[in-house]
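Visitor: The structure is given below, and queries will be raised subsequently.
The values are calculated or read from the model by the stated rules, or taken from the named source; none is laboratory data. A quick note: this is a predicted structure, and the numbers were derived from the prediction, not measured. Here the Cβ positions follow ideal geometry from the backbone for every residue, glycine too, while neighbour counts run over all protein chains shown. Areas reflect the complete protein model, heavy atoms only, side chains present, ligands, DNA and RNA absent. Shrake-Rupley method; radii C 1.70, N 1.55, O 1.52, S 1.80 Å.
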Amino acid sequence: MRIFRYLSLVYFRDYLHLERPVRNVIAAEFFLQLINVAFLSIQIIYMQKEGYSDHDSAGFISFRFLGVLLLAVPLGLYIKGRAIYPLFYISAFMVPTMALLIILATEMHWRYMLYGAMFCWGMGFTFIQTPVLPFILRNSAKRNQTGGIALSYSTYSFGGIATGVVIALLNKINPVWFSERNMLIGLSLLAYLAVYYLRQSKFEEHLPATPRKTAHMRDHDWPIIIKALVPTLIIAVGAGLTIPFIGIFFFNVHHLSTSGFAVMNGVASVLVAISAMLVPYIKRTIGYKIAIPTTQSFAVLALALLATTEFYSQLGIALVLAVICFLLRQPLMNVAGPMTSELVMSYVGKKNQEMVSALTAAIWSGSWFISSLIFKVLRQSQWPYVYIFLITAFLYSIGVIWYYRLILDYNKREKAREIGEALT
């Protein structure tokens, strides 16, 4: 008990005093992430069983990212100087509703409804994806901000743990009754609990002093913003070629079942959650300069090794190595996520944070929209998965180098600022 108490205080003390509104928003985000993870894990498998090819599925999924791309920047301009919390309700209602429509349209092969529901689903996610970081920064004490960002970032991992366990168990119990379709419906209905948690907070939201009338594109420091977001763009383009299609890679190349992939994804999510929760401790111990490039570099290596298992997929060892590489890659790449988010937010300053949050969402979704279309074209041209995933590894490598240069510049600016304050 003493050891457990000690570890809790050392590693998780940053989460003990998070403000209640922040905790409730993160809880709502978790239930919405259940849908996100479930659809990324088994939607393409479900669509393939319904007669869609993987390149057709990529075309449909790309419209989800298009929805975020078109809404993110206008929303980023809108929230500057305005209350954010009411926007979370839109996401809490819209995301599960659109998820149910996606399932119906997939089953009935209603192509235009499927495109429209995917598009609206992406827009629904934007109402929590874009404002959540500015909300945490506005409504939590300085000492709690790193913990709040890390916990928000971990909701995807905790969603992966929950969905992995649920999908694996139910699929083993009765694969006919608990099919991909029925499990997606159940998790979509469960996501409406996000509304319940949002209703638990009654508080006066802290608003920045920035007048609403200044929320225009010209009122931001664009050279700084562009420099800070270049590595995000590079990594996002690469990720869009791989992350949405990992499930179908294991299904087609290594013949891993839905329940098998769910178990693997669940284990990976546990590792990601643990590593993400340790971010405040890692930051205090070794800092950005070592933590970010080191973890990301090993993650790139793991991804490259994962991709090359397609060359010898007929051997029994291939699946084992692919699973090991996947389980290593996930926590290593994701542990840097909260740190790079906080680094970028600190680098651009308070004046630009809402816009950077919006642009980050737009970049990820826009890049995944484009990458999904590229994936569709490459798969139609009979490109093996290995070469597509190696493109991702190459792009990741460039992004890691850029992040390292950004860290050096940030540290240089912080040191100059401290020297200036000391002299005055």
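Visitor: Limiting things to C-alpha atoms, what are the Rg and the maximum Cα-Cα separation (Dmax) for the stretch 257-321, in angstroms?
Guide: Rg, Dmax (Cα atoms, Å): 15.4, 45.
Visitor: Given N residues in the chain, what is its alpha carbon radius of gyration divided by 2.2 N^0.38 Å?
Guide: 0.96
Visitor: For an R0 of 41 angstrom, estimate the FRET efficiency from the Cβ-Cβ distance between Ile226 and Tyr112 and round to the nearest 0.05.
Guide: The calculated FRET efficiency here is 0.65.
Visitor: I've got another one for you. For Ile398 paired with Ser381, estimate the spin-label separation in nm (one decimal), with each label point 7 Å from Cα along the Cα-to-Cβ line.
Guide: Between Ile398 and Ser381, the label points sit 1.7 nm apart.
Visitor: Calculate, for Asn174 and Leu104, the FRET efficiency according to 1/(1 + (r/R0)^6) with r their C-beta to C-beta distance and R0 25 Å; round to the nearest 0.05.
Guide: In this case the efficiency is close to 0.65.
Visitor: Can you pull the one-decimal nm distance between simple spin-label points at Asn252 and Arg405, each 7 Å off the Cα toward Cβ?
Guide: 3.5 nm
Visitor: Cα-based Rg (one decimal) and Dmax (whole number) for the stretch 53-132, in Å?
Guide: Radius of gyration, then largest Cα-Cα span, for the stretch 53-132: 13.6, 46 Å.
Visitor: Something else about it: So with the 1.4 Å probe, I'd like the accessible area per residue for the chain, rounded to whole Å².
Guide: 44 Å²
Visitor: Translational D (Stokes-Einstein, µm²/s) of the stretch 36-189 at 37 °C and 0.692 mPa s when Rh comes from the Kirkwood sum over C-alpha pairs?
Guide: 195 µm²/s
Visitor: Further, regarding this structure: Hey, if we sort Ile317, Ile167 by accessible area with the 1.4 Å probe, largest down, what's the order?
Guide: Heavy-atom accessible area, descending, gives Ile317, Ile167.
Visitor: As a test of reading the structure, rank Arg181, Arg23 by solvent-accessible area (1.4 Å probe, protein chains only), most first.
Guide: Arg23, Arg181
Visitor: Then there is this: Classify the stretch 261-389 from the C-alpha gyration tensor, please: rounded if a/c falls under 1.5, else prolate or oblate depending on whether a/b exceeds b/c.
Guide: It is oblate, given that a/c is not under 1.5 and a/b is not larger than b/c.
Visitor: For Ile401, Ile388, give the ranking by accessible area with the largest first, probe 1.4 Å.
Guide: Ile401, Ile388
Visitor: Return the carbon/sulfur percentage of the accessible area of the chain, one whole number, probe 1.4 Å, all protein chains in place.
Guide: 67 percent
Visitor: Still on this model: Mind scanning Lys202/Lys283; Lys80/Lys142; Lys289/Lys376; Lys80/Lys376; Lys202/Lys412; Lys172/Lys283 and naming the pairs with a C-alpha gap bigger than 30 Å?
Guide: Cα-Cα > 30 Å for Lys202/Lys283; Lys289/Lys376; Lys80/Lys376; Lys202/Lys412; Lys172/Lys283; rest within.
Visitor: Also, quick follow-up: Which translational diffusion coefficient, to the nearest whole µm²/s, is obtained for the stretch 105-148 from the Stokes-Einstein equation, given a Kirkwood hydrodynamic radius over C-alpha pairs, 37 °C and 0.692 mPa s?
Guide: Result for D is 258 µm²/s.
Visitor: Taking R0 as 22 Å, what FRET efficiency do you get between Glu50 and Ile185 from their Cβ-Cβ distance, rounded to the nearest 0.05?
Guide: According to the calculation, E is roughly 0.95.
Visitor: Also: On a 0 to 90 degree scale, rounded to 10, what angle separates helix 385-423 from the longest Cα axis of the chain?
Guide: 10 degrees
Visitor: Using alpha carbons only, how many degrees (0 to 90, rounded to 10) separate the axis of helix 2-12 from the longest principal axis of the chain?
Guide: Here the helix axis deviates by roughly 80 degrees.
Visitor: While we're here: Each label point is 7 Å from the Cα along the Cα-to-Cβ direction; what then is the distance between the points at Lys202 and Ile286, in nm?
Guide: About 4.7 nm separates the two model spin labels.
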